[in-house]
1. Restricting things to alpha carbons, find the Rg to Rh ratio for the range 26-69 using the Kirkwood radius for Rh.
2. Using the heavy atoms of the protein chains alone and a 1.4 angstrom probe, what is the accessible area of the chain per residue in square angstrom?
3. Sorted by average packing, counted as other Cβ atoms within 10 angstrom per residue and highest first, what order do 22-33, 50-61 take?
4. What's the carbon and sulfur percent of the chain's accessible surface, probe 1.4 angstrom, rounded to a whole number?
5. Taking a temperature of 10 °C and a viscosity of 1.306 mPa s, what whole-number D in µm²/s does Stokes-Einstein yield for the chain with Rh from Kirkwood over alpha carbon pairs?
6. For every other residue with a beta carbon closer than 14 angstrom to the beta carbon of residue 95, add +1 if it is Lys or Arg and -1 if Asp or Glu, then tell me the sum.
7. Calculated FRET efficiency, residue 110 and residue 29, Cβ-Cβ r, R0 35 Å, to nearest 0.05?
Amino acid sequence: VQLVESGGGLVQAGGSLRLSCVVSGTNFSFAPMGWYRQVPGKQAHELVASISAVGVTAYVDSLEGRFTISRDNTKNTVYLQMNNLKVEDTGVYHCTPWDKDFGSWGQGTVVAVSS
């Protein structure tokens with residue numbers, strides 16, 4: 001599987017970003033997907049949001065409704081709309097499928113939120 005994340009950047013607190021992850025090398029339409037964050041100084045990937053193959057979504061409670069995960073199966077792409085960004089959202093964001101390729105990571109996209 002190949003995963004190419006994009007859309008990150010440097011924004012001020014309160015701003016918005018839309019992340020994209022293009023997936024190839026797997027049957028994307030049947031794969032649940034997850035967005036994860038790597039916090040600076042830590043290796044672990046923290047789950048941020050997930051979406052099932054049919055579009056059922058789930059989020060970590062701490063997001064307080066600020067993020068929205070979606071997918072476009074015609075484009076093999078999963079998105080993460082991030083609104084009202086906070087400094088603590090800073091990190092490297094990755095997507096990975098929740099199937100046999102779980103734990104495969106692309107290069108990620110960097111989100112840096114300044115106060």
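1. Ratio of gyration radius to Kirkwood radius: 1.03.
2. 50
3. Top to bottom by mean Cβ count within 10 Å: 22-33, 50-61.
4. Percent of accessible area from carbon and sulfur atoms in the chain: 54.
5. The calculation lands on 114 µm²/s.
6. Net local charge, residue 95 excluded: -1.
7. 0.75
The values are calculated or read from the model by the stated rules, or taken from the named source; none is laboratory data. Everything numeric here is computed off the predicted structure, so don't read it as measured data. Neighbour counts run over all protein chains shown; Cβ positions are idealised from the backbone, glycine included. When the accessible area is computed, the model is the full protein with side chains, heavy atoms only, and any ligands, DNA or RNA have been set aside. Shrake-Rupley method; radii C 1.70, N 1.55, O 1.52, S 1.80 Å.
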